[in-house]
Amino acid sequence: MTCTGNLILFCGKMGAGKTTLSKAIASKKESVLISEDDWLFSHYPDLINSFEDYIKYSRLIKPFVKDLVQSILCAGVTVVMDFPANTIKQRKWLLSLSQEIEAEHELFFLNMSDEQCLTHITKRRTEQPKRAQFDTEDVFYEVTKYFEPPSADEGLFITENRQI
């Protein structure tokens, strides 16, 4: 089965601008934007208070997200996924969404410095107070320990962006 939709993915440290870029791309294309944060906040309100909570609940939504994304791609529509593709394991799962149905994909790698990311996180805490508990410098460094830059040998079509 070959599907004609295009899957758009994002990789970058916390605060790199993945959500900002995903919204910008989605607004320019006839596409569907699917946000992990939106799914988690609407399905598990007030239950994500730590990085461990995030991992637990993120796993729970994946089967539903997979079916939805693949259905949309097979309808010939571009899907912009505001889900982090920040580890090899995350990217492997996200890439499988398109590979299983032979749809095209593109990964935007937002290659930002820690300083740039922390500046964005500070601004985001002010603009989105509900995220202030999770969007801290300590959480940034905890999450960044797991960050793995993407490489072409993962089977990815990568577009690198060093500024947002």
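Assorted remarks:
- Among the residues of the stretch 105-120, those identified as in contact (Cβ under 8 Å) with a residue 12 or more places away in the chain and either part of a helix (DSSP H, G or I) or exposed (fewer than 14 other Cβ atoms within 10 Å of the Cβ) (or both) are Asp114, Gln116, Cys117, Leu118, Thr119, His120.
- Residue within the stretch 146-163 that is at pLDDT below 95, among the polar types (S, T, N, Q) and not in a loop (DSSP other than H, G, I, E, B) present: yes
- Cβ pairs under 8 Å, 6+ apart, first in the stretch 29-58 and within 26 Å of Leu73 (Cα to Cα) and free of Cβ contacts under 8 Å to residues at least 24 places away in the same chain, second assigned to a helix (DSSP H, G or I) and β-branched (Val, Ile, Thr): Leu40/Ile61; His43/Ile61
- Complete set of residues in the stretch 121-133 that are within 18 Å of Asp82 (Cβ to Cβ), among the charged types (D, E, K, R) and surrounded by 13 or more Cβ atoms within 10 Å (Cβ to Cβ): Arg124, Arg131
- Test: residue in the stretch 9-23 that is under 22 Å from His120 (Cα atoms) and free of Cβ contacts under 8 Å to residues at least 60 places away in the same chain: yes
- Condition met for Pro84 (within 29 Å of Lys123 (Cβ to Cβ), in contact (Cβ under 8 Å) with a residue 24 or more places away in the chain and not charged (D, E, K, R)): yes
- Just one of the listed residues (Lys66, Lys62, Lys18, Lys13) is in contact with a Gly (Cβ under 9 Å, 6 or more places away or on another chain), within 16 Å of Phe83 (Cα to Cα) and basic (Lys, Arg), namely Lys18.
- The listed residue being under 18 Å from the mean Cα position of the chain (by Cα), among the hydroxyl-bearing types (Ser, Thr, Tyr) and surrounded by 13 or more Cβ atoms within 10 Å (Cβ to Cβ), out of Thr144, Thr136: Thr144
- Taken together, Val143, Val65, Val77 contain a single residue that is touching a residue at least 60 places away in the same chain (Cβ under 8 Å), within 21 Å of Lys23 (Cα to Cα) and among the hydrophobic types (A, V, I, L, M, F, W, C), which is Val77.
The values are calculated or read from the model by the stated rules, or taken from the named source; none is laboratory data. Keep in mind that this is a model prediction, so the values were computed, not measured. Note that each Cβ is placed from the backbone with ideal geometry, even for glycine, and that neighbours are counted across all protein chains shown.
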